[in-house]
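A short write-up of the structure that comes next.
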Amino acid sequence: QVHVVESGGGLVQPGGSLRLSCLVSESISNIRTEGWYRQAPGKQRELVATVTSGGSINYADSVKGRFIVSRDNAKKTVYLQMNSLKPEDTAVYYCNALTTWGRDDWGRGTQVTVSS
């Protein structure tokens, strides 16, 4: 099993920033894709951003220009820098790791609340 642990959530005012971290137990070279997803109360889980081992990045339209995903291979960590946060960004944020052999693992999530 690949262990995935998110951190960095919290309460922030509208317009503020947060950086989420996702630590995986597996070597980054064995991870095909890592992604950030979020789930707001009463809504389905949705894609926020993904990054592949080849460096391809994909963002949801709702976060383009505000969020930035990056990887630190040495630290086996993927980051989600969230800027210009809006109340509608409030959700539990989950990290997902898809290995090169097809295993799909999720973290337990970290709460992000954007409120004044």
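Orientation-averaged projection of segment 4-80 equals 5.7 nm² [convex hull of Cα atoms, one quarter of hull surface area]. Can you list the aspartates and glutamates whose alpha carbon is less than 17 Å from that of Lys76, not counting same-chain residues fewer than 8 positions off? Within the straight-line cut-off, Lys76 pairs with Glu6, Glu26, Glu34, Asp104, Asp105.
Ligands, DNA and RNA left out, the accessible area of the chain computed with a 1.4 Å probe is 46% carbon and sulfur.
The string of couplings for segment 71-88 from the Karplus curve (6.51, -1.76, 1.60, θ = phi - 60°) is 10, 10, 4, 5, 9, 6, 10, 10, 10, 10, 8, 10, 10, 6, 5, 10, x, 6 Hz, one whole number per residue in order, with x for Gly and Pro. Comparing Ser116, Thr33, Gln44 along the charge dipole axis of segment 27-116, the residue lying farthest to the positive side is Thr33, per the Cβ-charge model. For Ser115 and Ala74, a Förster radius of 41 Å and the Cβ-Cβ distance give a FRET efficiency of 0.70, rounded to the nearest 0.05. Summarising the label geometry, the points placed 7 Å from Cα in the beta-carbon direction at Thr99 and Val5 lie 1.9 nm from one another.
The values are calculated or read from the model by the stated rules, or taken from the named source; none is laboratory data. The structure presented is a predicted model; accordingly, all values stated were derived computationally and were not measured. Glycine also receives a Cβ, built like all others from the backbone with ideal geometry; neighbour counts cover every protein chain displayed. Ligands, DNA and RNA are stripped out before the accessible areas are found, and what is left, the full protein with its side chains, is counted by its heavy atoms. Shrake-Rupley method; radii C 1.70, N 1.55, O 1.52, S 1.80 Å.
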